[in-house]
1. Residue by residue through the range 123-137, which ³J(HN,Hα) values in whole Hz follow from phi under the Karplus form 6.51 cos²θ - 1.76 cosθ + 1.60 (θ = phi - 60°), with glycine and proline marked x?
2. In debye, nearest 20, what is the charge dipole magnitude of the range 93-211 about its Cα centre with +1 on Lys and Arg Cβ and -1 on Asp and Glu Cβ, if you could check?
3. Would you work out which of VAL5, PHE149, LEU104 lies farthest towards the positive end of the dipole of the chain? Charges go on Cβ: Lys and Arg +1, Asp and Glu -1.
4. Work from the charge dipole of the range 1-140 (Cβ charges, +1 for Lys and Arg, -1 for Asp and Glu, about the Cα centre) and give the residue of VAL18, ILE36, GLN130 farthest towards its positive end.
5. Taking the Cα centre as origin and putting +1 on Lys and Arg beta-carbons and -1 on Asp and Glu beta-carbons, what dipole magnitude results for the range 39-129, to the nearest 20 debye?
6. Go through LYS55/LYS190; LYS15/LYS157; LYS99/LYS194; LYS99/LYS190; LYS55/LYS194; LYS99/LYS157 and tell me which ones have a Cα-Cα distance over 24 Å in this structure.
7. With a 1.4 Å probe and every protein chain left in place, work out the accessible area per residue of the chain in Å², rounded to a whole number.
8. Counting only protein heavy atoms and a 1.4 Å probe, tell me what percentage of the chain's accessible area is made up of carbon and sulfur.
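The values are calculated or read from the model by the stated rules, or taken from the named source; none is laboratory data. Since we're looking at a predicted model, the values are computed, not measured. For neighbour counting, all protein chains shown are included, and Cβ atoms are generated from backbone atoms with ideal geometry for every residue, glycine included. These area figures cover heavy atoms from the full protein model, side chains too; ligands, DNA and RNA do not enter into them. Shrake-Rupley method; radii C 1.70, N 1.55, O 1.52, S 1.80 Å.
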Amino acid sequence: MEKVVALLKEIFVDKVLVSILLEKSVYVEIEEGKKILDEGNYIKTIPIVIEGRVKVLRCDESGKELLLYHIIPGESCALSIAAGLNHEKSVAYAVTEVKTNLLLIPVNDLQEMLREYPRINNFVLKLFHQRFNELISFIDSIAFKNMDFRLVNHLKKMSAATGNRIIETTHQQLADELGTAREVVSRLLKQLEKENKVKNHRGTIELTDLL
């Protein structure tokens, strides 16, 4: 629990708030590839990622997925907070990308903390601002940018999220997250490899310094 306490103190500073968070919340360890939030369900707890990484996605009626954002250590899920506080169903679902440790805050307790502790208000507002900027960037990329630009930008974000230039993913996963066909992603990755910007391996993509 030392990592949990250290991260909470770094985020919230307020020792009293940290103590209350530890008292009210539940600490869980979840394996890679597990769904921790389902679309259409009511939100009962709000996650803070302690270690690992979570991806938040939308899915249409045909089963086509679209990646909305990643949640990395020290962050929470803006959509979960909005749905939970407004007693609405989730409009997205979330899956762990690697083994992930979470602190789960009951929605009712979060509502009380928001009324009493400015630090947690600042955390939520900062998170909403960050996700809003990501949404604007996402809309811009769809409306104004070609798929090659979107793919490169997506790879850079994945690398930044993990702190690693070797990304564990498949062409199909990238296609699903970008809302395009696997053949399109494969063609673009081959072109990037010809330009020495990436190295394609089985199950991984390595970014070079030229990307």
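1. 4, 5, 5, 5, 5, 4, 4, 4, 5, 5, 5, 5, 5, 4, 4
2. Details: 17 positive and 15 negative charges, 62 e Å.
Its charge dipole is roughly 300 debye.
3. PHE149
4. Value: VAL18.
5. On the way: 10 positive and 11 negative charges, 31 e Å.
In total the dipole reaches around 160 debye.
6. Numbers: LYS55/LYS190 26 Å; LYS15/LYS157 33 Å; LYS99/LYS194 33 Å; LYS99/LYS190 30 Å; LYS55/LYS194 30 Å; LYS99/LYS157 19 Å.
Cα-Cα > 24 Å for LYS55/LYS190; LYS15/LYS157; LYS99/LYS194; LYS99/LYS190; LYS55/LYS194; rest within.
7. Numbers: 11990 Å² over 211 residues.
Result: 57 Å² of accessible area for each residue.
8. On the way: 6070 of 11990 Å².
Carbon and sulfur: 51 percent of the exposed surface of the chain.
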